[in-house]
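Trainee: Before we start, here is the structure in question, set down as structure tokens.
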């Protein structure tokens with residue numbers, strides 16, 4: 001299986017953010033990347049245009065047609081949804097989302113809750129996400145995270161954001177290969193207890209919906225499976241094969 005990881009950074013600066021990012025739409029896309037045997041970037045200042053986002057969709061479709069399996073961490077509920085909004089190519093992005101491997105869904109659909117990429121990377125022995133990036137002043141930022149990317153991009157710190165983005169796609173690709181080899185996603189709980197989810201194969205988003213639903217009765221507000229795909233028109237038929 002030829003794997004290709006994919007990730008996006010938004011361009012909109014949101015002050016005091018909490019909750020659902022899409023309540024602040026349009027979010028814009030400052031940059032995006034894929035990694036396979038090399039890393040390819042799309043980037044725009046201040047953000048990618050609609051036409052450039054449409055080209056990104058076509059590029060991703062070309063990768064898929066060339067036999068690559070696209071892999072993300074939360075790409076179904078975020079990256080492909082965002083790309084659909086910014087490109088206007090909703091049906092094409094929906095098809096890409098449904099047929100790709102979202103590693104986070106393998107955890108969420110099995111356990112009933114979210115898991116951060118950092119925990120999965122550490123559990124696989126790959127190391128943490130990139131948290132240190134160099135600014136144009138020569139200063140090193142030691143606590144970089146995705147929430148800081150829009151403001152840094154707006155300030156012209158493009159290399160810092162691209163360094164962070166490169167780390168995300170390269171490490172997501174490394175994680176996917178690790179899951180292929182070990183057939184599990186591993187992490188440590190907040191109390192330091194080893195946790196894992198079996199992954200005999202890399203399931204597509206569509207295939208994840210066939211997993212048995214976990215018991216979430218103990219949770220106050222567990223994520224629903226529908227919440228990841230409700231942005232897709234006629235998602236019940238496309239994902240579940242249901243006719244109403």
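Trainee: Given the DSSP H assignment, sum -39500 (n - 2.57) over each helix run of at least 4 residues in the chain and divide by its residue total; what's the result at 222 nm in deg cm²/dmol, nearest 500?
Mentor: Mean residue ellipticity, 222 nm, calculated: -10500 deg cm²/dmol.
Trainee: May I ask what percent, to the nearest 5, of DSSP beta bridges between residues of the chain are antiparallel?
Mentor: The antiparallel fraction comes to roughly 75 percent.
Trainee: Going out from 0 in 10 Å bins, what whole percent of all Cα-Cα distances in region 81-215 drops into each bin?
Mentor: The distribution over region 81-215 is 11, 33, 34, 20, 3, 0, given as percents.
Trainee: Okay, next question. Remind me, what semi-axes does region 115-170 give for its equivalent ellipsoid, largest first in whole Å, using sqrt of 5 times each Cα gyration tensor eigenvalue?
Mentor: Those come to 22, 11, 9 Å.
Trainee: Let me ask another. Pop the C-beta distance of residue 16 and residue 195 into the FRET formula with R0 = 41 Å and round what comes out to the nearest 0.05.
Mentor: Given R0 = 41 Å and the Cβ-Cβ separation, E is 0.80.
Trainee: Related question: In whole percent, what relative contact order does the chain give with Cα contacts below 8 Å and a gap of six or more residues?
Mentor: Details: 386 pairs, mean separation 53.9, N = 244.
Across the chain, relative contact order equals 22 percent.
Trainee: Quick check on region 66-121: what are the equivalent-ellipsoid semi-axes from the Cα gyration tensor, as sqrt(5λ), descending, whole Å?
Mentor: Each semi-axis is √(5λ); the values are 22, 13, 10 Å.
Trainee: Over all directions, the average projected area of the alpha-carbon convex hull for region 58-156 comes to how many nm²?
Mentor: For region 58-156, the mean projected area of the Cα convex hull comes to 8.5 nm².
Trainee: Continuing with the same structure: Given a 10 angstrom Cα cut-off, can you work out which residue in 57, 133, 216 is the most mobile in a GNM of the chain?
Mentor: 216
Trainee: A further question follows. Sort 87-97, 178-188 by the packing proxy (mean of other Cβ within 10 Å over each peptide's residues), most packed first. If you can, show how the numbers build up before the last one.
Mentor: Numbers: 87-97: 20.1, 178-188: 16.4.
Ranking, from highest mean packing down: 87-97, 178-188.
Trainee: With a 10 Å cut-off between alpha carbons and a GNM built on the chain, which of 192, 146, 44 moves the most?
Mentor: 192
Trainee: Quick one: among 62, 220, 102, which has the greatest mean-square fluctuation in a GNM of the chain with alpha-carbon springs under 10 angstrom?
Mentor: With Cα springs under 10 Å in the chain, the top fluctuation among 62, 220, 102 is at 220.
Trainee: In Å, what Rg and Dmax follow from the Cα atoms of region 1-91?
Mentor: Here Rg and the maximum Cα pair distance are 13.2, 42 Å.
Trainee: Run the quick spin-label model on residue 210 and residue 45: label points 7 Å from Cα toward the beta carbon, then report their separation in nm to one decimal.
Mentor: A separation of 4.9 nm, rounded to one decimal place.
Trainee: What nm value, rounded to one decimal, do you get for the distance between residue 226 and residue 1 when each label is placed 7 Å out toward the C-beta?
Mentor: Taking the two extended label points, one gets 2.9 nm.
Trainee: Can I ask one more? Counting residues in region 180-244 as N, plug N into 2.2 N^0.38 Å and put the Cα Rg over that result. Don't jump to the answer; show the numbers that get you there.
Mentor: Details: Rg = 15.0 Å, N = 65, 2.2 N^0.38 = 10.7 Å.
For region 180-244, the normalised Cα radius of gyration comes out at 1.40.
No lab work stands behind these numbers, since they all come straight from the coordinates. The structure presented is a predicted model; accordingly, all values stated were derived computationally and were not measured. Heads up, the Cβs are rebuilt from the backbone with ideal geometry, glycines too, and the neighbour counts pull from every protein chain shown.
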